[in-house]
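Colleague: Can you keep this structure in mind? I'll have questions shortly.
The values are calculated or read from the model by the stated rules, or taken from the named source; none is laboratory data. Predicted, not measured: the structure shown is a model, and the values here were computed from it. Note that each Cβ is placed from the backbone with ideal geometry, even for glycine, and that neighbours are counted across all protein chains shown. The accessibility values were calculated without ligands, DNA or RNA, using every heavy atom of the protein model including side chains. Shrake-Rupley method; radii C 1.70, N 1.55, O 1.52, S 1.80 Å.
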Amino acid sequence: MRILILGGTREARELADIVTGERGFEIVSSLAGRVREPVLPVGEVRVGGFGGVDGLREWLADNDIDAIVDATHPFAGTMSAHAAAAAGGLGLPLIHLRRPGWSPEPADLWVRVADTAAAATVAATLGDRVFLTIGRQGVGAFAHLTEPWFLIRAIDPPTAALPPRHEILLARGPFTVDDECRLLAGRRIDVLVTKDSGGELTAAKLTAARERGIPVVMIDRPPLPPGEPVADSVAAVRDWLIGRSGAR
């Protein structure tokens, strides 16, 4: 059974590692290529886009793919939609792997918003020194804000227009709570903007914000295509794949 894992996440790497050891499975992992030095999964890897739904559909057919696992980032909504359309067109089984999102604790000061544009509007009302932890994509939504100062943390340098008052911090997590508390204090941050990515690797900033009483602008995830199976763990996807293999 030849499986395409649309990856780039820790869960995608874990799945590739586990399923590669299962008899009867052949794994191809696909990365978008947006990070210069990505952490690669085991096994066969391709990097780059497919050219939209038509390009993905053609690639799937040409490479004899039997099933697709969408283990992309929770905010890779376009890729998830393309995967659903291409799989539906070819009659291929597809499952979306999504880690659970974050939930606020009683002491948290969260404001949930629908997208980066709304986040920019809200953040400007909450503080003068804003910590952006939304990756390098999407920071352009804040470029028009001339009054606040922004600390922009990303793995690679942003290429979009940036707000005039900013500092770029290039770093790759995970980060500890102590690290995040020192960063918030040292840069005198008074509002945090982040995406509801979920997971433990990047949750320390939320704990640090809670401890320091800093409000958090939390950007909600885009919805997944309707009617598609969704799993919240690598183990659940492994079981799904084994079930699909047994049904062939």
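Colleague: Calculate how steeply helix 234-247 sits against the longest principal axis of the alpha-carbon atoms of the chain, using the helix alpha-carbon long axis, and give the answer as 0 to 90 degrees to the nearest 10.
Modeller: Relative to the chain, helix 234-247 is tipped by roughly 20 degrees.
Colleague: Wrap a convex hull around the Cα atoms of region 123-176, take a quarter of its surface area, and give that in square nanometres.
Modeller: Numbers: hull surface 15.0 nm².
So the mean shadow area of the Cα hull is 3.7 nm².
Colleague: Follow-up. Would you mind working out the accessible area per residue for the chain, using a 1.4 Å probe, and quoting it in Å²? Before the final figure, lay out each step's value.
Modeller: On the way: 11720 Å² over 248 residues.
Accessible area per residue, the chain: 47 Å².
Colleague: From the helices alone, meaning DSSP H stretches of at least four residues, give me the mean residue ellipticity at 222 nm for the chain, per-run term -39500 (n - 2.57), in deg cm²/dmol to the nearest 500. Before the final figure, lay out the partial values.
Modeller: On the way: 7 runs with 80 residues, N = 248.
After summing the helix terms and dividing by residue count, I get -10000 deg cm²/dmol.
Colleague: Order Arg182, Arg46 by their accessible area, 1.4 angstrom probe, all chains in place, largest first.
Modeller: Numbers: Arg182 150, Arg46 50 Å².
Sorted descending by solvent-accessible area, the residues read Arg182, Arg46.
Colleague: Could you calculate the FRET efficiency of Asp17 with Arg172 from 1/(1 + (r/R0)^6), where r is the beta carbon distance between them and R0 is 22 Å, rounded to 0.05?
Modeller: 0.65
Colleague: Select from region 47-139 those trypsin sites (Lys or Arg not before Pro) which occupy a DSSP coil region and have at most 11 other Cβ atoms within 10 Å, ordered by residue number.
Modeller: On the way: sites: Arg57, Arg98, Arg112, Arg129, Arg136; in loops: Arg98, Arg136.
For trypsin sites (Lys or Arg not before Pro) across region 47-139 that sit outside H, G, I, E and B with at most 11 neighbouring Cβ atoms in 10 Å, the list is empty.
Colleague: For region 112-126, take each phi angle, set θ = phi - 60°, evaluate the Karplus expression 6.51 cos²θ - 1.76 cosθ + 1.60, and give the result in whole Hz per residue in order, putting x for glycine and proline.
Modeller: The phi angles translate into 8, 9, 7, 7, 5, 4, 5, 4, 5, 4, 6, 4, 5, 9, 9 Hz.
Colleague: Something else about it: Write down the radius of gyration of the chain and its Dmax, each obtained from C-alpha positions, in Å.
Modeller: Taking only Cα atoms of the chain, I get Rg and Dmax of 19.4, 60 Å.
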